[in-house]
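Some notes on the structure that comes next.
The values are calculated or read from the model by the stated rules, or taken from the named source; none is laboratory data. Quantities reported herein were computed from a predicted structural model and do not represent experimental measurements. We place every Cβ from the backbone using ideal geometry, glycine too, and count neighbours over all the protein chains shown.
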Amino acid sequence: MTALTRKNRLNRLAALIFSAAALGLFGLSTAGGLDFERLQKALIEQFGFGQVGLLRDWQQMLSAGKGEPEPEKLRRVNDFFNRQFAFDDDIVIWGQSDYWATPIEMIGKGRGDCEDFSIAKYYSLINLGIPVAKLRLVYVKALQNGPGGPVRQAHMVLAYYATPSAEPLVLDNLNTLIQPASRRPDLSPVFSFNSAGLWQGTGNQSSKSNLSRWQDLLKKMNSEGFAIGEG
């Protein structure tokens, strides 16, 4: 995807979010439970049997992470997705310029783009017991080398806050090391969100808004077997 395409996509998404009327509902609340029988059925129905092993690897990774301290859960989840999945653009994977895949869809394809990596890590960590309040999906402008020199491209990462005032740790598929945000000067946050709200940059002022792609994603996940109820 070209830098211009990524920039236009980010601008369209930002305009959608910040121009939407407040609805008192940003997303559906997440319970974090996973029904792996339903998830496997959804995977097979959509993609056949080829990736059932990868689904089971994900299940085993989550099972092994239960009861671990939060820093180890972050490392386990970040490493799993960065090592097991290839990066590709939505236009190649789905034939669409912007598509938010559920974790089951990402497993079915065996690859995803930056949003898919971040979303899959987000729900994995929730399943491991990390509170939603400690996690945010963050749209950033990432400084990368282009044919004509450095360029800022739209990108998504997952941020973890040990406490509300703590410096966030960044989980990324471009740089696989989990690092404090201050050690990622290549990333400029634009806005962040989770199941509870939306924030300008990475600040603490939350606002409720309608992000249709996020809500559509949650509904798809609910139908696949994620325990996501209205809240």
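Of the helices (runs of 4 or more DSSP H) that lie entirely inside region 1-104, those containing 2 or more residues that are touching a Leu at 6+ places or on another chain (Cβ under 8 Å) and modelled with pLDDT of 55 or more span 36-47, 52-65, 70-84.
Listed here are the residues, each with its yes/no results for (1) within 15 Å of the chain's Cα centre (by Cα); (2) under 20 Å from residue 218 (Cα atoms).
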site: 40; (1), (2): no, yes
site: 46; (1), (2): no, yes
site: 72; (1), (2): no, no
site: 90; (1), (2): yes, yes
site: 102; (1), (2): yes, yes
site: 108; (1), (2): no, yes
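If you check 207, 188, 182 for being surrounded by fewer than 22 Cβ atoms within 10 Å (Cβ to Cβ) and modelled with pLDDT under 90, only one passes: 207.
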